[in-house]
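This report refers to the structure that appears directly beneath it.
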Amino acid sequence: MAYLLFTCPNTNRKAPTGVEMNVQGLRAQWKATLKLDCPHCSDVHDICVRDVYLNGAVDNLDRLRRV
């Protein structure tokens, strides 16, 4: 299980969704939309599940960029 993150469309900063999911859950909810309170801009965003990403995947990308 991993926490899902989204990118704020106003600030382009990553933010937590508060949702924990595994790959099977992502597949099952692929077309769903989440209504999320953004900690960066205070707006409420409608984010498609297919547009979120797993926290671990982002950590790996950040490490690769520093190399």
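The values are calculated or read from the model by the stated rules, or taken from the named source; none is laboratory data. Because the structure is a prediction, the values reported are computed rather than measured. Cβ atoms come from the backbone with ideal geometry, glycine included; neighbour counts cover every protein chain shown.
Just a few scattered comments:
- Positions within segment 21-37 being modelled with pLDDT under 90 and more than 12 Å from Asp51 (Cβ to Cβ), in sequence order: Met21, Asn22, Val23, Gln24, Gly25, Arg27
- In this structure, Gly18 does not satisfy being part of a helix (DSSP H, G or I) and either surrounded by fewer than 17 Cβ atoms within 10 Å (Cβ to Cβ) or at pLDDT 90 or above (or both).
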